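The values are calculated or read from the model by the stated rules, or taken from the named source; none is laboratory data. Small disclaimer: the values here were computed from a predicted structure and weren't measured. Every residue, glycine among them, receives a Cβ derived from its backbone with ideal geometry; neighbour counts consider all protein chains shown.
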Amino acid sequence: MLKKLLMDSWSFFKNHAVAISMITLPIVIPIDVLTALYQYFLANEELKLSEQLIPMFIAMLVYPIYAAGIVFYIASVISDERIDTKTSWKLGTKFWWPYVTMSFFVGLVVMLGFVLLVIPGIIFAVRYAFSEFELLLNKSNPLDSMKNSWDATKDYMWLILGGYFVITLVLYAPYYLIAELFDESSVYYWVIDTTLNIIFSVLGALYTIFAFRVYEFAKLQHNQPLNPDAP
């Protein structure tokens, strides 16, 4: 099942990579480039948390627009009512506040979990994998979307974890290998790092696509008739 869902997710990504890029890149590219310039020219040599607050705040403002937009785009393709880039942005903007609220609570819980010996953080991240789908597609409020995700992922935790592990390994192993080739203080490092971050912002949609595949599979299993003789 894991292999099939991963292959389905990769196939979906390949077929819709241009659309996903159009939703993501016009927002991500200027933010990442400006962030890289800020960190390279304005921040001190050793970046402090306070010096990263401005880039982090700007990224937080725009992230829900394309992240939610991708969810709506995926759902529209599955329902055979494909939306365009502007529509996905409008929907992302419409749900900006509830998405930010949900992301804050999920991020807070996951962060606390990582403080508690890492493993709880991984479990929380997996169990809340359906939260954005519940929020955006089922119109649940942020806390209910988290609760619904926690309940819905109970039987699929290892499946989601396995998929996330494979995706993370495939995406980030090459990143660290490439990053090791350059001195962090060199301009080449910043250029490569920024370019890779932009690329990964698109490839990161694989997490959402895979989680959505599991989400749809879970709904299908839940809606199957309990009576084995039923038509």
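Of everything in region 109-142 that's hydrophobic (A, V, I, L, M, F, W, C) and in contact (Cβ under 8 Å) with a residue 40 or more places away in the chain, which residue is surrounded by the fewest Cβ atoms within 10 Å (Cβ to Cβ)?
LEU137
Using beta carbons and a limit of 9 Å, which pairs, at least six apart or on different chains, have the first residue in region 173-188 and closer than 16 Å to ALA36 by Cβ and among the β-branched types (Val, Ile, Thr) and the second one in a helix (DSSP H, G or I) and modelled with pLDDT under 75?
Once the first residue is closer than 16 Å to ALA36 by Cβ and among the β-branched types (Val, Ile, Thr) and sits in region 173-188, its partners that are in a helix (DSSP H, G or I) and modelled with pLDDT under 75 give VAL187/TYR40.
Quick one: is THR168 assigned to a helix (DSSP H, G or I), closer than 14 Å to ALA129 by Cβ, of a type outside the set (Gly, Ala, Ser) and modelled with pLDDT under 95?
Against the criterion (assigned to a helix (DSSP H, G or I), closer than 14 Å to ALA129 by Cβ, of a type outside the set (Gly, Ala, Ser) and modelled with pLDDT under 95), THR168 qualifies.
Does region 155-163 contain any residue that is modelled with pLDDT under 95 and either charged (D, E, K, R) or not in a helix (DSSP H, G or I) (or both)?
yes
For the list (1) in a loop (DSSP other than H, G, I, E, B); (2) touching a Ser or Thr at 6+ places or on another chain (Cβ under 6 Å), I need the number of the one condition that MET146 fails.
Answer for MET146: the failing condition is (1).
I need the full set of residues from region 13-32 which are surrounded by 13 or more Cβ atoms within 10 Å (Cβ to Cβ) and closer than 16 Å to LEU171 by Cβ, in order please. Step through it out loud before you land on a result.
So in region 13-32, the residues surrounded by 13 or more Cβ atoms within 10 Å (Cβ to Cβ) come out as 13, 16-17, 19-25, 27-29, 31-32.
PHE13, ALA17, ILE20, SER21, THR24, VAL28 - these are the residues of region 13-32 that are surrounded by 13 or more Cβ atoms within 10 Å (Cβ to Cβ) and closer than 16 Å to LEU171 by Cβ.
So how many residues does region 54-108 have that are more than 20 Å from ALA17 (Cβ to Cβ), of a type in the set (Val, Ile, Thr) and crowded, with 21+ Cβ neighbours inside 10 Å?
1
Regarding region 27-46, can at least one residue be identified that is farther than 18 Å from ILE192 by Cα, at pLDDT below 85 and in a helix (DSSP H, G or I)?
Among the residues of region 27-46, at least one is farther than 18 Å from ILE192 by Cα, at pLDDT below 85 and in a helix (DSSP H, G or I), which makes the answer yes.
For region 106-123, how many residues are within 15 Å of the chain's Cα centre (by Cα) and either among the hydrophobic types (A, V, I, L, M, F, W, C) or not in a helix (DSSP H, G or I) (or both)?
The qualifying residues number 3.
So if I check each of PHE130, PHE104, PHE114, which one is aromatic (Phe, Trp, Tyr) and modelled with pLDDT of 95 or more?
Numbers: PHE104 fails: modelled with pLDDT of 95 or more; PHE114 fails: modelled with pLDDT of 95 or more.
When all the criteria are applied, what remains is PHE130.
Report, ordered by the first and then the second residue, all pairs with beta carbons closer than 7 Å, sequence separation of six or more or different chains, a first member in region 1-21 that is at pLDDT 95 or above, and a second member that is outside any helix (DSSP H, G or I) and among the polar types (S, T, N, Q).
If the second residue must be outside any helix (DSSP H, G or I) and among the polar types (S, T, N, Q), no pairs are left.
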